Amino acid sequence: MQDRPSALLSGERARLIPVAADTSKEVRATSVLLAVMGLVPQFAQRMLDTVGQRVGTRTSIDCYAEPVLRSSNALKVRPDGYIRVRSGKGREWAALVEAKIGRNDLNAEQVLAYAEAARENGIGTVITISNQFVPFPAHAPVQLPRVLARHVSVFHWSWMFILTQAKLMLNEHRFANLLEKSILAEMVLYLRHDSVGTTRFDRMNREWKDLVLAVNAGRALSKTSSEVENTVGAWQQECRDLSLLLSRNLGRMVTIRLSRAHREDPSQYVRDACELLAQSYCLECTLDIPDTASEILIKADLTRRCLTASMSLDAPRDKQRVSSRVNWLLRQLARSDEEGVFIEARFPGRRQPRQVRLSELKANPACLDEDGAGSLPSSFTVLMVKDLAGKFSGSRTFIEELENFVPTFYANVGQYLQTYVVKPPKPRKVEADSSFDPQIDNSGVEDGLDLEGPAARNADSAANDALTEEDRPNEPIADMVVATQTTDDSTGQENRLTAPATDLTSYTEPDTYRRPGES
């Protein structure tokens, strides 16, 4: 092949209808995916953007299935795929693809070998694909050694993440080429079929049941134990699968809210979750749904064997009564089912939060202030709690109940909540008063009152003394009256009115007012 990348010894372009054995499910699925990325540039742009690679209008994308790389290793290095992106300016970017399907997890040694071959051939990215779930593509299940990670980055896509991105694109994007839309839709149907081997996260880890029983028996947990680490790993995968499930249901991308430290360091994210489980016997996850009043906090309490979902809102600051703030919240929850829903009000200062049932609050909005403290609630938290009892310890039933509980909370509560927006001020109507006479009151001046005060007089005096004779302005002429002329209608003669006590001949025009050429 004349246009084959120099890093490849052999390899064919990915085919939309691959020719592979029935047992090679991952080869067929990878070939279909890469072929669609080459045929639908918008989909390739959406996927490659998650690994930090931008795709422009003049960019060409070439995808190969089962290529053989040049390597100093005696064994053939044969990943499942190869992606090459060439821009119009001659820039080139490439990535190796390693895929697993069904219950097969990624092999760390295999990924490490591909990363070594990638560094040897100047390839800076390895993309892994499997049914394993991670919060973000940068949080790959397989971590490289630090020295190798300086040259090669590993990203991870789950098959459900790929399926979700494709479905969201079909709902959001307007295709100029209907053939591209049909190809992408066919890939979605293909990946959704049971025979392909793409699955969702449907069960917790093997240690889950024994861990729940140990917590209920009062046994302490170690944050470094394998049972705690495996439980946290399973929980984080389920949270990612849950966010993808909500994304497909809502038609908007739902993400997991992480702090900056957890985004940059996946291992720190796992360590903090293990510490939380060991200390409080709880698993937590925060989901961010676009355009909602707040993020959704999901908590699994191993001690109480219950699930909790909650959203928090700031109370309206411009309302100065407890009942007004409570009624503002109740109006939003008018269509919500009251079963299992609680309202927690938080108050400023040291007053403890108060929690009541939604049904109780609707019947008596003043129940939040039964102690008579009179302080206004500063924020509200709407919670929905479900007791799973024996189902909590089941590895499958726990996942089933969780994936039913969270969408129910959003449909019953989350979609109705809105943040409070203060209304803008309205202009006042000013009525005209015909009896109003806008005259200046000079009574104080006529009476000889000092309206400026001694401080102002002293300041004027000091400023006047600081001026030289040349800088000081001309003094006003005392008792000067402007002369006017009138005509006597009876005689036709002009009558002149002048200022009787003023000698106008003694006034000299300042130099600054002389015209050029005048002496």
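What is the sum of charges around residue 271, taking Lys and Arg as +1, Asp and Glu as -1, for the other residues whose C-beta is under 13 Å from the C-beta of residue 271?
On the way: positive: 223; negative: 229, 265, 272, 275.
Charge balance near residue 271 sits at -3.
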Legend entry - Whole-Hz ³J(HN,Hα) from phi, Karplus 6.51 cos²θ - 1.76 cosθ + 1.60, for segment 231-247, glycine and proline x: 5, 5, x, 5, 4, 5, 5, 5, 4, 5, 5, 5, 5, 5, 4, 5, 4
Inset, instruction - Rank these for me by crowding, 262, 156, going from fewest to most other beta carbons within 10 Å. - result: 262, 156
Inset, instruction - Whole Å is fine, so just give me how far the alpha carbon centre of segment 68-86 lies from that of segment 115-161. - result: 15
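Normalising by the residue count of segment 204-421, find the relative contact order in percent from Cα pairs under 8 Å and 6+ residues apart. Each step should come with its number before you reach the end.
Values: 332 pairs, mean separation 47.2, N = 218.
For segment 204-421, the relative contact order is 22 percent.
For every other residue with a beta carbon closer than 15 angstrom to the beta carbon of residue 173, add +1 if it is Lys or Arg and -1 if Asp or Glu, then tell me the sum. Please list the in-between numbers first.
Details: positive: 46, 167, 174, 181, 252; negative: 49, 172, 180.
That works out to +2.
Classify segment 261-311 from the C-alpha gyration tensor, please: rounded if a/c falls under 1.5, else prolate or oblate depending on whether a/b exceeds b/c. Could you put the intermediate results ahead of the total?
Values: a/c = 3.84, a/b = 1.09, b/c = 3.52.
Verdict is oblate for segment 261-311.
Shape call for segment 1-150 from the C-alpha gyration tensor, a ≥ b ≥ c root eigenvalues: rounded (a/c under 1.5), prolate (a/b greater than b/c) or oblate?
Values: a/c = 1.18, a/b = 1.12, b/c = 1.05.
Rounded, since a/c falls under 1.5.
Going by a ≥ b ≥ c, the root eigenvalues of the Cα gyration tensor, does segment 204-421 fall in the rounded group (a/c under 1.5), the prolate group (a/b larger than b/c) or the oblate group?
Details: a/c = 1.88, a/b = 1.66, b/c = 1.13.
Prolate is the answer for segment 204-421, as a/c is 1.5 or above and a/b outweighs b/c.
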Legend entry - Dipole axis of segment 204-421 (+1 Lys, Arg; -1 Asp, Glu on Cβ), positive-most option in 217, 367, 407: 367
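Among residues other than residue 36 whose Cβ falls under 10 Å from its Cβ, what is the net charge (Lys/Arg +1, Asp/Glu -1)? If you can, show how the numbers build up before the last one.
Details: positive: none; negative: 180, 186.
Its environment carries a net charge of -2.
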Legend entry - Entries of 25/391; 25/167; 89/181; 89/167 with Cα pairs more than 24 Å apart: 25/391; 89/181; 89/167
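Hey, can you rank 79-88, 127-136, 180-189 by average C-beta count inside 10 Å, highest first?
Working: 79-88: 20.8, 127-136: 22.6, 180-189: 15.6.
The most tightly packed comes first, giving 127-136, 79-88, 180-189.
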Inset, instruction - Quick one: check the C-alpha center-to-center distance for segment 1-67 versus segment 336-370, whole angstrom. - result: 56
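Values in this text are rule-based calculations from the coordinates and carry no lab data. Quick caveat, the model's predicted, so the values are computed rather than measured. Heads up, the Cβs are rebuilt from the backbone with ideal geometry, glycines too, and the neighbour counts pull from every protein chain shown.
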